[in-house]
Amino acid sequence: MSLFADVNWPRASKWLAGETLGKPAGRLAVIGAPVALGSVTPGRCDLAPAAIRKALERFSTYDLESRLDVRALRVEDRGDLGVAALPPEQAFEPVRDAVAAALTQAEAVVLLGGDNSITLPGVHGMGDLKRCGLLTLDAHFDLRSIRNGLTNGNPVRALLRDGLPGSNIVQIGIQSFANSEAYAQVARVNGIEVIPASRVYAGGMGYVVEQALFHLEKAVDRIYVDLDLDVLDRSYAPACPGSRPGGLAPHHIRQAARVCGAHPKVRVMDLVEIDPERDIASCTVLAAAACLLEFSAGVLKRFS
(Lines give C-alpha, C1' and ligand atoms only; values in the text may rest on other atoms or scores of the structure.)
Protein backbone atom coordinates (compact mmCIF):
# COMPACT_ATOMS: atom_id res chain seq x y z
CA MET A 1 0.00 0.00 0.00
CA SER A 2 1.36 3.44 -0.93
CA LEU A 3 1.66 6.20 1.63
CA PHE A 4 -1.19 8.69 1.86
CA ALA A 5 -0.55 11.65 -0.42
CA ASP A 6 -1.09 15.10 1.09
CA VAL A 7 0.21 18.22 -0.68
CA ASN A 8 0.35 19.96 2.70
CA TRP A 9 2.57 17.26 4.23
CA PRO A 10 5.82 17.25 2.20
CA ARG A 11 7.90 14.14 2.78
CA ALA A 12 11.59 14.25 3.59
CA SER A 13 12.21 11.50 1.04
CA LYS A 14 11.14 13.91 -1.72
CA TRP A 15 13.56 16.50 -0.35
CA LEU A 16 16.37 13.95 -0.49
CA ALA A 17 15.36 13.30 -4.09
CA GLY A 18 15.88 16.99 -4.92
CA GLU A 19 12.72 18.88 -3.95
CA THR A 20 13.56 22.42 -2.77
CA LEU A 21 11.83 25.68 -1.88
CA GLY A 22 12.93 28.44 -4.23
CA LYS A 23 16.58 29.44 -4.23
CA PRO A 24 18.39 27.23 -1.70
CA ALA A 25 20.17 28.88 1.22
CA GLY A 26 22.97 26.29 1.23
CA ARG A 27 23.96 22.84 0.11
CA LEU A 28 24.21 19.46 1.81
CA ALA A 29 25.64 16.28 0.28
CA VAL A 30 24.59 12.76 1.30
CA ILE A 31 26.82 9.78 0.46
CA GLY A 32 26.17 6.11 1.14
CA ALA A 33 29.24 4.21 2.33
CA PRO A 34 27.96 0.65 2.84
CA VAL A 35 31.16 -0.88 4.24
CA ALA A 36 30.39 -3.96 6.34
CA LEU A 37 33.36 -6.31 6.04
CA GLY A 38 35.26 -4.57 8.83
CA SER A 39 32.77 -5.34 11.57
CA VAL A 40 33.97 -7.16 14.66
CA THR A 41 30.46 -8.67 14.84
CA PRO A 42 29.39 -9.80 11.35
CA GLY A 43 26.20 -8.21 10.08
CA ARG A 44 24.52 -6.32 7.26
CA CYS A 45 25.45 -2.71 7.88
CA ASP A 46 25.71 -2.45 4.11
CA LEU A 47 21.90 -2.35 4.02
CA ALA A 48 21.67 0.75 6.21
CA PRO A 49 22.01 3.56 3.64
CA ALA A 50 19.00 2.32 1.68
CA ALA A 51 17.04 1.73 4.89
CA ILE A 52 17.71 5.27 6.15
CA ARG A 53 16.64 6.77 2.83
CA LYS A 54 13.46 4.69 2.94
CA ALA A 55 12.75 5.82 6.51
CA LEU A 56 12.68 9.45 5.37
CA GLU A 57 9.28 8.70 3.84
CA ARG A 58 7.94 8.74 7.40
CA PHE A 59 9.17 12.26 8.16
CA SER A 60 8.07 15.69 6.97
CA THR A 61 10.43 18.52 6.03
CA TYR A 62 9.13 21.04 8.58
CA ASP A 63 11.16 21.79 11.69
CA LEU A 64 8.71 22.93 14.34
CA GLU A 65 11.47 24.18 16.65
CA SER A 66 13.02 26.68 14.23
CA ARG A 67 9.92 27.14 12.05
CA LEU A 68 12.08 26.35 9.05
CA ASP A 69 11.63 23.85 6.24
CA VAL A 70 14.74 21.85 5.34
CA ARG A 71 13.72 22.13 1.70
CA ALA A 72 15.33 25.59 1.92
CA LEU A 73 18.57 23.59 1.93
CA ARG A 74 19.49 21.88 -1.32
CA VAL A 75 20.50 18.30 -0.72
CA GLU A 76 22.41 16.25 -3.26
CA ASP A 77 22.12 12.51 -2.76
CA ARG A 78 25.26 11.16 -4.38
CA GLY A 79 24.12 7.56 -4.03
CA ASP A 80 26.08 4.66 -2.60
CA LEU A 81 29.76 4.12 -3.22
CA GLY A 82 30.66 0.71 -4.64
CA VAL A 83 32.37 -0.44 -1.45
CA ALA A 84 29.97 -3.02 -0.03
CA ALA A 85 32.15 -5.94 -1.13
CA LEU A 86 35.44 -4.32 -0.09
CA PRO A 87 37.39 -4.68 3.15
CA PRO A 88 37.97 -1.36 4.95
CA GLU A 89 41.51 -0.93 3.64
CA GLN A 90 40.29 -1.11 0.04
CA ALA A 91 37.29 1.12 0.77
CA PHE A 92 39.55 3.81 2.24
CA GLU A 93 40.37 5.73 -0.94
CA PRO A 94 36.84 5.71 -2.45
CA VAL A 95 35.32 7.03 0.77
CA ARG A 96 38.06 9.59 1.40
CA ASP A 97 37.92 10.92 -2.16
CA ALA A 98 34.11 11.06 -2.22
CA VAL A 99 34.05 13.14 0.97
CA ALA A 100 36.78 15.47 -0.30
CA ALA A 101 34.96 16.00 -3.61
CA ALA A 102 31.60 16.64 -1.94
CA LEU A 103 33.08 19.22 0.43
CA THR A 104 34.12 21.38 -2.53
CA GLN A 105 30.44 21.89 -3.38
CA ALA A 106 28.57 21.67 -0.08
CA GLU A 107 28.64 23.28 3.36
CA ALA A 108 28.36 19.86 4.96
CA VAL A 109 28.33 16.15 4.14
CA VAL A 110 26.45 13.26 5.73
CA LEU A 111 27.95 9.78 5.30
CA LEU A 112 25.46 6.93 5.65
CA GLY A 113 27.35 3.87 6.86
CA GLY A 114 28.19 1.15 6.85
CA ASP A 115 30.21 0.22 9.88
CA ASN A 116 32.40 2.53 11.95
CA SER A 117 35.51 1.83 9.88
CA ILE A 118 34.32 4.56 7.46
CA THR A 119 35.20 7.20 10.06
CA LEU A 120 38.89 6.81 9.20
CA PRO A 121 38.61 7.75 5.50
CA GLY A 122 35.84 10.22 6.30
CA VAL A 123 38.12 12.27 8.54
CA HIS A 124 40.96 12.03 6.02
CA GLY A 125 38.58 13.46 3.43
CA MET A 126 38.57 16.77 5.31
CA GLY A 127 42.28 17.34 4.69
CA ASP A 128 45.25 17.97 7.00
CA LEU A 129 44.64 15.90 10.14
CA LYS A 130 46.52 18.39 12.29
CA ARG A 131 43.78 20.93 11.54
CA CYS A 132 40.88 18.47 11.98
CA GLY A 133 38.81 17.69 15.05
CA LEU A 134 36.81 14.56 15.80
CA LEU A 135 33.70 14.42 17.97
CA THR A 136 32.37 10.91 18.53
CA LEU A 137 29.00 9.91 19.95
CA ASP A 138 29.69 6.30 20.74
CA ALA A 139 29.46 3.74 23.53
CA HIS A 140 33.02 2.64 22.69
CA PHE A 141 36.47 4.16 22.40
CA ASP A 142 37.17 2.51 19.03
CA LEU A 143 40.80 2.32 20.11
CA ARG A 144 41.41 -1.39 19.58
CA SER A 145 44.75 -2.52 18.22
CA ILE A 146 45.39 -1.94 14.52
CA ARG A 147 47.94 -4.75 14.19
CA ASN A 148 45.49 -6.99 12.33
CA GLY A 149 44.04 -4.29 10.10
CA LEU A 150 41.22 -1.81 10.11
CA THR A 151 37.89 -2.75 11.72
CA ASN A 152 34.90 -0.92 13.13
CA GLY A 153 36.60 -1.19 16.52
CA ASN A 154 39.74 0.82 15.77
CA PRO A 155 39.19 3.85 13.47
CA VAL A 156 40.13 6.30 16.23
CA ARG A 157 43.33 4.34 16.94
CA ALA A 158 44.14 4.45 13.22
CA LEU A 159 43.57 8.20 13.14
CA LEU A 160 46.00 8.65 16.01
CA ARG A 161 48.52 6.58 14.05
CA ASP A 162 47.99 8.78 10.99
CA GLY A 163 48.62 12.01 12.88
CA LEU A 164 45.32 13.22 14.31
CA PRO A 165 46.28 14.77 17.68
CA GLY A 166 44.52 13.16 20.61
CA SER A 167 43.81 16.65 21.96
CA ASN A 168 41.64 17.16 18.86
CA ILE A 169 39.32 14.30 19.86
CA VAL A 170 36.29 14.41 22.16
CA GLN A 171 34.30 11.24 22.84
CA ILE A 172 30.76 11.49 24.24
CA GLY A 173 28.60 8.65 25.56
CA ILE A 174 31.35 6.16 26.42
CA GLN A 175 29.86 3.45 28.64
CA SER A 176 31.12 1.50 31.60
CA PHE A 177 31.47 -2.26 31.09
CA ALA A 178 31.52 -1.75 27.31
CA ASN A 179 35.24 -0.95 27.18
CA SER A 180 38.51 -2.11 28.71
CA GLU A 181 41.06 -0.43 30.98
CA ALA A 182 43.75 -0.92 28.34
CA TYR A 183 41.91 1.22 25.80
CA ALA A 184 40.92 3.77 28.44
CA GLN A 185 44.63 4.12 29.07
CA VAL A 186 45.27 4.72 25.35
CA ALA A 187 42.72 7.54 25.48
CA ARG A 188 44.35 9.07 28.58
CA VAL A 189 47.90 8.84 27.25
CA ASN A 190 46.90 10.52 23.99
CA GLY A 191 44.97 13.34 25.64
CA ILE A 192 41.53 12.39 24.34
CA GLU A 193 38.70 14.04 26.24
CA VAL A 194 36.24 11.35 27.34
CA ILE A 195 32.72 12.24 28.44
CA PRO A 196 30.89 9.15 29.74
CA ALA A 197 27.17 8.65 29.33
CA SER A 198 26.60 9.55 32.98
CA ARG A 199 27.80 13.12 32.36
CA VAL A 200 25.29 13.48 29.54
CA TYR A 201 22.52 12.48 31.94
CA ALA A 202 23.76 14.95 34.55
CA GLY A 203 24.63 17.94 32.37
CA GLY A 204 22.30 17.60 29.42
CA MET A 205 23.32 16.75 25.86
CA GLY A 206 23.03 20.30 24.53
CA TYR A 207 25.48 21.67 27.09
CA VAL A 208 27.90 18.75 26.70
CA VAL A 209 28.05 19.03 22.90
CA GLU A 210 28.35 22.81 22.93
CA GLN A 211 31.29 22.57 25.34
CA ALA A 212 32.92 19.88 23.21
CA LEU A 213 32.60 22.00 20.07
CA PHE A 214 33.94 25.04 21.93
CA HIS A 215 36.96 22.97 22.98
CA LEU A 216 37.58 21.79 19.41
CA GLU A 217 36.92 25.01 17.52
CA LYS A 218 39.84 26.73 19.24
CA ALA A 219 42.32 24.25 17.78
CA VAL A 220 40.94 23.13 14.41
CA ASP A 221 39.52 24.37 11.12
CA ARG A 222 37.17 21.46 10.42
CA ILE A 223 35.24 19.09 12.66
CA TYR A 224 34.01 15.58 11.90
CA VAL A 225 31.12 14.09 13.89
CA ASP A 226 30.98 10.31 14.18
CA LEU A 227 27.49 9.30 15.33
CA ASP A 228 27.55 5.60 16.12
CA LEU A 229 23.96 4.57 16.84
CA ASP A 230 25.15 2.05 19.43
CA VAL A 231 25.53 5.02 21.79
CA LEU A 232 21.80 4.53 22.28
CA ASP A 233 20.30 2.34 24.98
CA ARG A 234 19.74 -1.20 23.71
CA SER A 235 15.96 -0.74 23.84
CA TYR A 236 16.25 2.07 21.28
CA ALA A 237 18.90 0.45 19.07
CA PRO A 238 18.28 -3.28 18.57
CA ALA A 239 19.87 -2.94 15.11
CA CYS A 240 23.24 -2.10 16.66
CA PRO A 241 25.20 -5.15 17.85
CA GLY A 242 27.25 -2.97 20.21
CA SER A 243 24.37 -1.21 21.97
CA ARG A 244 23.92 -1.97 25.68
CA PRO A 245 21.40 -1.15 28.44
CA GLY A 246 22.10 2.21 30.02
CA GLY A 247 22.90 4.10 26.84
CA LEU A 248 21.48 7.37 25.61
CA ALA A 249 17.97 8.09 24.35
CA PRO A 250 16.92 9.22 20.85
CA HIS A 251 16.25 12.77 22.03
CA HIS A 252 19.88 12.99 23.16
CA ILE A 253 21.36 12.15 19.78
CA ARG A 254 18.79 14.21 17.89
CA GLN A 255 19.77 17.25 19.94
CA ALA A 256 23.45 16.50 19.40
CA ALA A 257 22.97 16.25 15.64
CA ARG A 258 21.14 19.58 15.56
CA VAL A 259 23.78 21.41 17.63
CA CYS A 260 26.57 19.96 15.49
CA GLY A 261 24.82 20.87 12.26
CA ALA A 262 24.55 24.50 13.34
CA HIS A 263 28.29 24.82 14.01
CA PRO A 264 30.09 26.29 10.98
CA LYS A 265 33.24 24.22 11.50
CA VAL A 266 31.35 20.91 11.42
CA ARG A 267 31.80 19.70 7.85
CA VAL A 268 30.97 15.98 8.01
CA MET A 269 28.75 13.70 10.08
CA ASP A 270 28.49 9.95 9.71
CA LEU A 271 25.70 7.63 10.86
CA VAL A 272 27.06 4.14 11.43
CA GLU A 273 26.67 0.65 12.91
CA ILE A 274 23.06 -0.10 11.91
CA ASP A 275 22.12 -3.60 10.76
CA PRO A 276 18.53 -3.24 9.47
CA GLU A 277 18.02 -7.00 9.56
CA ARG A 278 18.25 -6.86 13.38
CA ASP A 279 15.95 -3.87 13.79
CA ILE A 280 12.58 -3.99 15.54
CA ALA A 281 9.76 -1.75 14.26
CA SER A 282 12.46 0.20 12.36
CA CYS A 283 13.26 2.07 15.58
CA THR A 284 17.02 2.29 15.01
CA VAL A 285 16.72 3.26 11.36
CA LEU A 286 14.09 5.88 12.19
CA ALA A 287 16.40 7.35 14.84
CA ALA A 288 19.18 7.64 12.26
CA ALA A 289 16.86 9.29 9.73
CA ALA A 290 15.74 11.75 12.41
CA CYS A 291 19.38 12.61 13.12
CA LEU A 292 19.96 13.30 9.43
CA LEU A 293 17.06 15.76 9.48
CA GLU A 294 18.14 17.36 12.77
CA PHE A 295 21.66 17.85 11.40
CA SER A 296 20.20 19.38 8.23
CA ALA A 297 18.03 21.75 10.27
CA GLY A 298 21.17 22.78 12.13
CA VAL A 299 23.03 23.44 8.88
CA LEU A 300 20.09 25.54 7.66
CA LYS A 301 20.30 27.69 10.80
CA ARG A 302 23.77 28.75 9.71
CA PHE A 303 22.05 30.88 7.07
CA SER A 304 19.11 32.22 9.09
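The values are calculated or read from the model by the stated rules, or taken from the named source; none is laboratory data. Everything numeric here is computed off the predicted structure, so don't read it as measured data. Methodologically, a virtual Cβ is constructed for each residue, glycine included, from the backbone with ideal geometry; neighbour enumeration extends over all protein chains shown.
Looking for whichever is part of a helix (DSSP H, G or I), of a type outside the set (D, E, K, R), touching a strand residue (DSSP E or B) at 6+ places or on another chain (Cβ under 8 Å) and at pLDDT 95 or above here; the options are Val194, Val170, Val209. Which one fits? Quick ask: steps written out before the conclusion?
Details: Val194 fails: part of a helix (DSSP H, G or I); Val170 fails: part of a helix (DSSP H, G or I).
It is Val209.
Only one residue in Pro42, Pro34 is under 17 Å from Ala239 (Cβ atoms) and free of Cβ contacts under 8 Å to residues at least 24 places away in the same chain, so which one is that?
Values: Pro34 fails: free of Cβ contacts under 8 Å to residues at least 24 places away in the same chain.
Testing whether each residue is under 17 Å from Ala239 (Cβ atoms) and free of Cβ contacts under 8 Å to residues at least 24 places away in the same chain leaves just Pro42.
Given the conditions (1) free of Cβ contacts under 8 Å to residues at least 40 places away in the same chain; (2) within 21 Å of Arg222 (Cα to Cα); (3) β-branched (Val, Ile, Thr), which single one is not true for Ile172?
(1)
Specify which of the listed residues (Ala288, Ala249, Ala257) is surrounded by fewer than 19 Cβ atoms within 10 Å (Cβ to Cβ), aliphatic (A, V, I, L, M) and at pLDDT 95 or above. Outline the logic, then answer.
Working: Ala288 fails: surrounded by fewer than 19 Cβ atoms within 10 Å (Cβ to Cβ); Ala257 fails: surrounded by fewer than 19 Cβ atoms within 10 Å (Cβ to Cβ).
Within the list Ala288, Ala249, Ala257, the selection yields Ala249.
For the range 47-76, what are the residues that are surrounded by 19 or more Cβ atoms within 10 Å (Cβ to Cβ) and within 17 Å of the chain's Cα centre (by Cα)?
Leu47, Ala48, Pro49, Ala51, Ile52, Arg53, Ala55, Leu56, Val75
Can you name every residue in the range 133-167 that is part of a strand (DSSP E or B) and within 25 Å of Val83 (Cα to Cα)?
We begin by selecting, within the range 133-167, every residue part of a strand (DSSP E or B); these are 133-137.
Selection gives Leu134, Leu135, Thr136, Leu137.
Just checking, how many residues over the range 236-267 are touching a helix residue (DSSP H, G or I) at 6+ places or on another chain (Cβ under 6 Å), over 19 Å from Asp115 (Cα atoms) and among the aliphatic types (A, V, I, L, M)?
The qualifying residues number 5.
Leu28 - would you say it is of a type outside the set (Lys, Arg), out of contact with any Ser or Thr (no Cβ under 9 Å at 6 or more places or on another chain), at pLDDT 95 or above and under 24 Å from Arg302 (Cβ atoms)? It would help to see each step written out before you state the result.
Details: of a type outside the set (Lys, Arg): yes; out of contact with any Ser or Thr (no Cβ under 9 Å at 6 or more places or on another chain): no; at pLDDT 95 or above: yes; under 24 Å from Arg302 (Cβ atoms): yes.
So Leu28 fails the test.
With the structure loaded, tell me whether Gly206 is closer than 15 Å to Leu248 by Cα, surrounded by fewer than 23 Cβ atoms within 10 Å (Cβ to Cβ) and touching a helix residue (DSSP H, G or I) at 6+ places or on another chain (Cβ under 6 Å) or whether it fails that test.
Details: closer than 15 Å to Leu248 by Cα: yes; surrounded by fewer than 23 Cβ atoms within 10 Å (Cβ to Cβ): yes; touching a helix residue (DSSP H, G or I) at 6+ places or on another chain (Cβ under 6 Å): yes.
It is true that Gly206 is closer than 15 Å to Leu248 by Cα, surrounded by fewer than 23 Cβ atoms within 10 Å (Cβ to Cβ) and touching a helix residue (DSSP H, G or I) at 6+ places or on another chain (Cβ under 6 Å).
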